[in-house]
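Accompanying notes for the structure given below.
The values are calculated or read from the model by the stated rules, or taken from the named source; none is laboratory data. Fair warning: this is a prediction, and the values are worked out from it, not measured in the lab. Heads up, the Cβs are rebuilt from the backbone with ideal geometry, glycines too, and the neighbour counts pull from every protein chain shown. Please note that ligands, DNA and RNA were not included when accessible areas were found on the heavy atoms of the full protein model with its side chains. Shrake-Rupley method; radii C 1.70, N 1.55, O 1.52, S 1.80 Å.
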Amino acid sequence: CQAWVEDYYTTGEVLHKGYYEDGRLTLYKNFYPNGNPERSFRRIDMEKCNMQLFYDTGKMKSDITYYEGTQLIWTDFYPSGQMEFTEEYLKGGEILVNRKAFAENGKPQEIFEMTDKKKKIYSKKEYYDNGNLKAEGNVIYNSNLGDYQKDGKWTVYDEQGHPSTEQWIRGEQQK
């Protein structure tokens, strides 16, 4: 394929519009039968590209930036348009830099941010449904397990906001 190519539903509505350079798809949009966009793809440069997915209402569902084929930044939205979560990864897509999750009412559910890139240490905050802080502390990435584990002092809050502390070592709570 070369230049613009269009595909259609059997009813005649546009299904796909894409631009090809030497057989490689560099830009395209797919559409729902109602004419609203279903997804949109564009190449940013030789290493990066962006994909956006939409609900059939036309509101954005996901916005994803890829670097050399792996996700770099991923953001999802509720059908209302409110952000559900956003995640950012280091190039290569294996190491999470940060993640922020929100309830449909916009209140935070979790904030997870890298504080030490070399040691893969993160700060994490968890929230109650009402948006009040539930717990906060550090987590470390355990590459052997491919998982994040609580580590060090954690402050835990009851629903009235009263704090207590817990001590963790590599995912094991200390008594």
request  = Go through region 41-67 residue by residue and tally those that are under 13 Å from the mean Cα position of the chain (by Cα) and open to solvent by 60 Å² or more (accessible area, probe 1.4 Å).
outcome  = 1
inquiry  = Every residue in region 114-130 that is open to solvent by less than 70 Å² (accessible area, probe 1.4 Å) and on the phi < 0 side of the Ramachandran plot, please.
reply    = Met114, Asp116, Ile121, Tyr122, Ser123, Lys124, Glu126, Tyr127, Tyr128
task = Keeping to region 36-57, report how many residues are at pLDDT 95 or above and not in a strand (DSSP E or B).
result = 4
message = Can you tell me how many residues within region 77-96 are over 11 Å from the mean Cα position of the chain (by Cα) and over 15 Å from Lys59 (Cα atoms)?
response = 6
key: Qualifying positions in region 76-108 - of a type in the set (Gly, Ala, Ser), out of contact with any Lys or Arg (no Cβ under 9 Å at 6 or more places or on another chain) and not in a strand (DSSP E or B)   = Gly92, Gly93, Ala103, Gly106
key: Among the residues listed as Thr26, Thr70, Thr75, the single one being open to solvent by less than 70 Å² (accessible area, probe 1.4 Å), β-branched (Val, Ile, Thr) and at pLDDT 95 or above   = Thr75
ask   = Just to be sure, is Lys134 surrounded by 15 or more Cβ atoms within 10 Å (Cβ to Cβ), of a type in the set (Lys, Arg), under 17 Å from the mean Cα position of the chain (by Cα) and assigned to a strand (DSSP E or B)?
value = no
request  = Please enumerate the residues belonging to region 78-92 that are buried (at least 16 other Cβ atoms within 10 Å of the Cβ) and at pLDDT below 95.
outcome  = Tyr89
note = Scanning region 152-175 residue by residue, those in a strand (DSSP E or B), under 14 Å from Glu136 (Cα atoms) and over 28 Å from the mean Cα position of the chain (by Cα) turn out to be Pro163, Ser164, Thr165, Glu166, Gln167
